[in-house]
Amino acid sequence: MIPINIRPDQINSELLQFNRKLAHGIKNLYDMEEIESGVTPKETVYTEDKLTLYHFQAPEPAKKRNSVPILIVYALVNRPYMADLQENRSLVRGLLDAGQDVYLIDWGYPDQSDRFLTLDDYINGYLDRCVDEVCRLHDLEQINLLGICQGGTFSLCYAALHPENIRNIIPMVTPVDFKTPDNLLSHWLQHVDVDLLVDTLGNIPGELLNWTYLSLKPYRLMGQKYLQMVNQLENPDMAKNFMRMEKWIFDSPDQAGEAFRQFAKDFFQENKLIKGKVVLGGRTVNLSNITMPVLNIYAKQDHLVPPNASIPLQSFVGTEDYTEIPFKGGHIGIYVSGSAQREVPPSIAQWLDQRC
């Protein structure tokens, strides 16, 4: 048995140090200004119901822009400003700096009036009209599409149904095979009575989904993080970064009931996407219709969308121009880590510039 040498003076010293850091942290929180949601200047170019389509302003001095704009499609869960969290941690800013013309869809906050919105409404409706609007603004027939997580799945479905509208497609941390052995979220969802859940609640509360995601790694995401929080709050800049991330994590919109029902059942429980059995608006989604170039980006340490859920895409699309970029990080780190800022936006821009 290994003896444990714990001295009272050491315990006292650590407690005093902890209390000192905590006092500084509380003061920094008290002095902190309101945390902004997204930092890059943008303008609204289209609105419909809860949806807003944004166009980001290029930094000055203006660089030569890629003539084909890129539309970012975020997931319905959480808020899209994760892609533009702060000046030095922004996928949007990185793409702008690399000469891309960037648009983004903000789905907004669904309420009970959106209870019966379906995936067809989101993909063949809202997303299609946003694509049309960007094409109209640039007098183009095709644009580039970048989909994030569930938004990547939406983008793949859209590109398969409307390939004539998409020049290049970039799914990021996007699930394709929803039943891989290492997909814990999928394992949980197999045992949920989705019909009973939606029929009872109507819209699915964002808070319920958020705590589900946090429970996938409870010690890391709910225990260890807050134990380490005191060290970060002592520094004003680190404290603001911490609170900015906390704001995003718990800014979780409710999910339109019918859209959630179909996504949970058709994609997670029945894995219809790779089986070619997803039906939207009376049309079957066939990934082989994706004949435009594909850049598939996944995170090696992703606990929400394991790499094995993303990598199979190559086997189902109909293009020979297929590229993968594995990122050494997690589901969120691929947008906010320092290494991501150095690697991901420039790689996307270079890949697009070669094909536009």
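Computed values, structure above
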| read-out | value |
| --- | --- |
| Conditions (1) free of Cβ contacts under 8 Å to residues at least 40 places away in the same chain; (2) closer than 22 Å to Ala309 by Cα: number failed by Leu196 | (2) |
| Selection count where residues are within 19 Å of the chain's Cα centre (by Cα), free of Cβ contacts under 8 Å to residues at least 24 places away in the same chain and either within 21 Å of Trp188 (Cβ to Cβ) or crowded, with 17+ Cβ neighbours inside 10 Å (or both), scope the range 216-250 | 2 |
| Condition check for Asp49: at positive phi and either surrounded by fewer than 12 Cβ atoms within 10 Å (Cβ to Cβ) or modelled with pLDDT of 95 or more (or both) | yes |
| Test: Tyr213 is surrounded by 17 or more Cβ atoms within 10 Å (Cβ to Cβ), out of contact with any Gly (no Cβ under 7 Å at 6 or more places or on another chain) and aromatic (Phe, Trp, Tyr) | yes |
| So Pro181, is it of a type outside the set (A, V, I, L, M, F, W, C), surrounded by fewer than 16 Cβ atoms within 10 Å (Cβ to Cβ), in contact (Cβ under 8 Å) with a residue 40 or more places away in the chain and within 22 Å of Ser37 (Cβ to Cβ) | no |
| Only listed residue being among the basic types (Lys, Arg), surrounded by 15 or more Cβ atoms within 10 Å (Cβ to Cβ) and modelled with pLDDT of 95 or more, chosen from Lys275, Lys265 | Lys265 |
| Residue within the range 55-71 that is under 21 Å from the mean Cα position of the chain (by Cα), assigned to a helix (DSSP H, G or I), farther than 21 Å from Val294 by Cα and not aliphatic (A, V, I, L, M) present | no |
| The range 71-92 residues that are on the phi > 0 side of the Ramachandran plot, paired with ones that are at pLDDT 95 or above (beta carbon under 8 Å, 6 or more apart) | Asn78/Pro253 |
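The values are calculated or read from the model by the stated rules, or taken from the named source; none is laboratory data. Computed from a predicted structure; not experimentally measured. Cβ sites come from the backbone with ideal geometry, for glycine too, and all protein chains shown count toward neighbours.
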